[in-house]
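S.K.: My structure is below; once you've seen it, I'll send some questions.
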Amino acid sequence: MNVHRLLRKFVVKTQRFVSQRIVFVMTFLFCVGATLTMLNVWHLSQDLVESQALQNAEHSAYNLKQARTLYSDEVIGRIKAVPGVFPAHNYETIIGGVPLPATFLIELGDRISADQQDSLVRLYSDFPFPWREATGGPKDEFEREALEELRKNPQKHFYRVEQFKNQLALRYAEADIMNASCVACHNRHPDTPKNDWQVGDVRGIVEIVQPLNRVIGQTRTNLASLLGLLVVLFLFGLSGLVLALKRLNNNSKILELRVDERTKELQQTNEQLTVEQQKANNLLLNILPQTIAQQLKDGSEHIADGFTEVTILFADIVGFTQLSENYSPKNLVSLLNEIFSAFDSLSEHYDLEKIKTIGDAYMVATGLPEPRTDHAVAIAEMALAMKRELTRINKKNGIHIALRIGINSGPVVAGVIGTKKFIYDLWGDAVNTASRMESHGVPESIQVTEETYQLLKDDYLFEARGSIEIKGKGAMNTYFLLDRKPTVSL
């Protein structure tokens, strides 16, 4: 009852707090969430704007270089064979003059800059020709840093976002590399400021300026629209929440009653679940050893272990087939259940591990999953007790059926197989040999191998059977276990 009362108080207090503070809490959470969202979106948009501007600048620089290369190869290369036509920097004042490749690139950049007033395309060098000394060298700190960095790493690019002509812009610089077709021309020109150019030298910088103010302004407009949409959605949600809270207040008493009912049902369910869980555990322990069952519950998927000292017993009911002809199916199953239930009690008494029953055959082992030094003795006692128990059952039911028992000792591999129906089983030559001891045995006898005999000979009475042919094994010396020696006590 105390638990019910505390739970009811907690529900009522929680409901009251939620109803009184929910609008404030939701508004606060919305403001925090909206702020974080807008900041994150702003940073993402800034990164996207910068990334797009950088990509555009790279493409523009590439296109400019390709245009100059095409002009140099396909125009200048062809006019050399045309009399009266030649390249010159002052081609406008010369009859038959055409622009040099560098002049072509410079004027192309000037035209692009003129058409796109906010943008700038410029080629500059720290070794400009005399006619370009006023405009062809670096003009500010960015251009000087770009020259210095790109001389060290000509294959990279140099860029920075900064204020340029009173607006935010991306300034991009890329090295202009001296190629083989230009080295001779530059070194031999009478006005050249440098006559030791080599292929691969950085002869200048291609600079592209991409203004960002317009794009950033558009981004801010979009962010404002997004924020407005979030506010509208929040107001709609808050209105619905207020209506829901009113209804929640009206249903508070009903909720308290339901909490009591559900609590009682939950207690009953938990009790029933505990009972069913115990049944499931007991059922699992009926088919698996406790340690193996625990491994399965702990999540082990593959359970297999090797055991070096194990004794295995196979027993078969002789004459059971003939007996089944005189019994009804119901009575036959009842008799078989009586026999195997007695064997199960013996197995539990001697702390053995029942492996399985197949038809009228019974298999039990010990020395696993927990090793034990007296494994052979425990199985021997089990075998002798099984014979005594069957004698009692025969006398009780007025029947005569016999056991044929085979025992062997040795190493085995044990593990769990199956996914829906678990089976704990054994594998190995020792298991096969124990089965052969039973199938090649004699009714009402307990046949053991040499390995088991050596473990038991000091404490038990045996009759040597001698050498017999065992399928798959060849000749084997076997023994019949008769009883404990009189001096042995367990």
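The values are calculated or read from the model by the stated rules, or taken from the named source; none is laboratory data. Because the structure is a prediction, the values reported are computed rather than measured. Counting neighbours? That spans all protein chains shown, and the Cβs are built from the backbone with ideal geometry, glycine included.
S.K.: Do we find that residue 107 is assigned by TED's automatic domain parsing to the domain that holds residue 123, farther than 26 Å from residue 156 by Cβ and under 60 Å from the mean Cα position of the chain (by Cα) in this structure?
M.R.: yes
S.K.: Would you check which residues across the range 149-197 are surrounded by 12 or more Cβ atoms within 10 Å (Cβ to Cβ) and in a helix (DSSP H, G or I) and list them?
M.R.: Answer for the range 149-197, where residues must be surrounded by 12 or more Cβ atoms within 10 Å (Cβ to Cβ) and in a helix (DSSP H, G or I): 149, 150, 151, 181, 182, 183, 185, 186, 187.
S.K.: Okay, moving on. Tell me yes or no: at least one residue of the range 9-24 is modelled with pLDDT of 65 or more, out of contact with any Ser or Thr (no Cβ under 9 Å at 6 or more places or on another chain) and among the β-branched types (Val, Ile, Thr).
M.R.: Looking through the range 9-24, at least one residue is modelled with pLDDT of 65 or more, out of contact with any Ser or Thr (no Cβ under 9 Å at 6 or more places or on another chain) and among the β-branched types (Val, Ile, Thr).
S.K.: Name every residue in the range 95-121 that is in contact (Cβ under 8 Å) with a residue 12 or more places away in the chain and part of a loop (DSSP other than H, G, I, E, B), in order of residue number.
M.R.: Across the range 95-121, the qualifying residues are 96, 100, 118, 119.
S.K.: For the range 42-94, give me each residue that is within 23 Å of residue 106 (Cβ to Cβ), among the hydrophobic types (A, V, I, L, M, F, W, C) and not in a helix (DSSP H, G or I).
M.R.: 85, 86, 88, 94
S.K.: Consider residue 366 carefully, then state whether it is within 47 Å of the chain's Cα centre (by Cα) and surrounded by fewer than 20 Cβ atoms within 10 Å (Cβ to Cβ).
M.R.: Answer is no for this residue.
S.K.: Within the range 426-490, which strands (runs of 3 or more DSSP E) (wholly inside it) include 2 or more residues that are of a type in the set (Ser, Thr, Tyr), at negative phi and not assigned by TED's automatic domain parsing to the domain that holds residue 374?
M.R.: Qualifying strands (runs of 3 or more DSSP E): none found.
S.K.: Residue by residue through the range 66-103, note down the ones that are within 15 Å of residue 131 (Cβ to Cβ) and either of a type in the set (Phe, Trp, Tyr) or surrounded by 16 or more Cβ atoms within 10 Å (Cβ to Cβ) (or both).
M.R.: Of the residues in the range 66-103, the ones within 15 Å of residue 131 (Cβ to Cβ) are 87-94, 97, 99-100, 102-103.
Within the range 66-103, 87, 89, 91, 97, 99, 100, 102, 103 qualify.
S.K.: Considering every residue within the range 432-440, establish whether at least one is farther than 28 Å from residue 305 by Cα and at pLDDT below 95. Steps first, please.
M.R.: Of the residues in the range 432-440, the ones farther than 28 Å from residue 305 by Cα are 440.
Within this subset, residues satisfying the condition of being at pLDDT below 95 are 440.
The answer is yes, given that some residue of the range 432-440 is farther than 28 Å from residue 305 by Cα and at pLDDT below 95.
S.K.: Another question, then. From the set of residues in the range 293-302 that are farther than 17 Å from residue 413 by Cβ and part of a helix (DSSP H, G or I), which is modelled with the highest pLDDT?
M.R.: 296
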